Amino acid sequence: MKRLPPGQQARADFPRFGLIAFAERFPAAPDSTAITLGGDALDTVTLATPLDKMSRVDQHSDFHCVTTWTRQELHWDGVLFSHFYQQHVVPRLKDGAKVNWVLLRGQDGYRTILPLADMLAHDVLLADTLEQQPLSVAHGAPLRVVAPAHYGYKQVKHLSRIEFWEHAPRIKRGLFAFMEHPRARVAFEERGSYVPGWLLRFLYRPLIQPAVARFSDALARRQEA
Ligand SMILES: Nc1nc2c(c(=O)[nH]1)N[C@H]1C(S)=C(S)[C@@H](COP(=O)(O)O)O[C@H]1N2
Ligand SMILES: [Mo]
């Protein structure tokens with residue numbers, strides 16, 4: 001077995017997971033592949049089928065959630081974000097536009113930011129299959145970000161909108177601002193802000209089981225309805 005990053009513990013399954021507030025939120029259009037591009041670097045445009053005809057890559061990688069669980073060896077398929085950026089974004093950039101930050105938004109209202117440089121890394125994908133099956137609603141249908149060097153909370157599911165900004169957009173989290181790090185690199189244990197990563201391990205671990213239960217109950221209820 002590969003060594004795990006600092007503070008992580010392997011689990012055998014791959015649970016549907018996230019901030020509790022998102023357990024009951026589902027994508028409005030899990031079959032729509034449309035992505036809207038926005039931000040101050042270009043004029044807003046919606047691409048109906050942005051992945052069509054792009055060359056595909058597959059990837060085996062480990063998935064690390066900030067709450068300390070890791071699922072090893074997932075098999076994703078999709079397109080490289082760097083390729084997507086070259087193909088769909090660069091030709092649309094306004095003259096003199098500077099892009100330093102990418103804001104990623106999901107159909108469920110979830111959002112987060114990453115530096116453009118991190119998004120352009122060789123292993124960042126826009127993935128639409130997992131274990132050779134189309135992405136399920138549980139794991140991010142129709143399309144999600146896969147960025148294995150970053151904690152799960154940067155890997156937006158149900159991706160519907162990508163924005164390109166010169167300055168970092170503010171993600172308002174109020175009292176919970178400590179739960180957001182602008183980069184969230186797993187190797188550096190960048191779990192959050194203001195509080196060291198090793199300390200957050202112990203704060204987060206007790207939250208895993210209740211969150212897994214909430215997310216799986218909500219999904220079961222949705223599938224019954
Ligand atoms: N749209 C959206 N993306 C999201 C989340 C979410 O609630 N909504 N949760 C994040 C968190 S904290 C984690 S750990 C992973 C969980 O991915 P999984 O449900 O496929 O295990 O999704 C991330 N991306
Ligand atoms: Mo997470």
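Consider only pairs whose beta carbons are under 6 Å apart and that are at least six residues apart or on different chains; among these, list those whose first residue lies in the stretch 18-29 and is more than 17 Å from Thr112 (Cα to Cα) and whose second residue is open to solvent by less than 70 Å² (accessible area, probe 1.4 Å) and assigned to a loop (DSSP other than H, G, I, E, B).
As it stands, the answer is Ala28/Gln107, since those pairs meet every condition given.
What's the total number of residues in the stretch 13-40 that are open to solvent by 60 Å² or more (accessible area, probe 1.4 Å), more than 9 Å from ligand 1 (Cβ to nearest atom) and within 17 Å of Leu135 (Cα to Cα)?
Of the residues in that region, 4 qualify.
Identify, by number, the condition in (1) touching a strand residue (DSSP E or B) at 6+ places or on another chain (Cβ under 8 Å); (2) within 22 Å of Phe188 (Cβ to Cβ); (3) not in a strand (DSSP E or B) that Phe14 doesn't meet.
(2)
Return the residues of the stretch 1-12 that are within 21 Å of His75 (Cβ to Cβ) and either open to solvent by 40 Å² or more (accessible area, probe 1.4 Å) or within 13 Å of ligand 2 (Cβ to nearest atom) (or both); say none if nothing qualifies.
Applying the first criterion (within 21 Å of His75 (Cβ to Cβ)) to the stretch 1-12 yields 1-5, 8, 10-12.
Matches in the stretch 1-12: Met1, Lys2, Arg3, Leu4, Gln8, Ala10, Arg11, Ala12.
Determine if the stretch 127-150 includes at least one residue that is in a helix (DSSP H, G or I) and either modelled with pLDDT of 95 or more or on the phi > 0 side of the Ramachandran plot (or both).
No; the residues of the stretch 127-150 include none that is in a helix (DSSP H, G or I) and either modelled with pLDDT of 95 or more or on the phi > 0 side of the Ramachandran plot (or both).
Looking for whichever is touching a residue at least 12 places away in the same chain (Cβ under 8 Å), at negative phi and surrounded by fewer than 14 Cβ atoms within 10 Å (Cβ to Cβ) here; the options are Asp77, Asp62, Asp95, Asp43. Which one fits?
Numbers: Asp77 fails: surrounded by fewer than 14 Cβ atoms within 10 Å (Cβ to Cβ); Asp62 fails: surrounded by fewer than 14 Cβ atoms within 10 Å (Cβ to Cβ); Asp95 fails: touching a residue at least 12 places away in the same chain (Cβ under 8 Å).
None of the others qualify; the one that does is Asp43.
If you go through the stretch 82-95 one residue at a time, do you hit one that is small (Gly, Ala, Ser) and in a loop (DSSP other than H, G, I, E, B)?
Scanning the stretch 82-95, I find no residue that is small (Gly, Ala, Ser) and in a loop (DSSP other than H, G, I, E, B), so the answer is no.
List every residue pair whose Cβ atoms lie under 6 Å apart, where the two residues are 6 or more positions apart in sequence or sit on different chains, the first residue falls within the stretch 105-133 and is within 17 Å of Leu74 (Cα to Cα), and the second residue, located anywhere, is within 16 Å of ligand 2 (Cβ to nearest atom).
Between residues of the stretch 105-133 that are within 17 Å of Leu74 (Cα to Cα) and residues that are within 16 Å of ligand 2 (Cβ to nearest atom), the close pairs are Asp123/Pro148; Val124/Ala147; Leu125/Val146; Ala127/Arg144; Ala127/Val146; Leu130/His139.
The values are calculated or read from the model by the stated rules, or taken from the named source; none is laboratory data. For clarity, every value in this text was computed on a predicted model and none was experimentally measured. Reconstructed Cβ throughout: ideal geometry from the backbone, glycine too, with neighbour counts over all protein chains shown. For accessibility, only protein heavy atoms count, side chains too; no ligands or nucleic acids. Shrake-Rupley method; radii C 1.70, N 1.55, O 1.52, S 1.80 Å.
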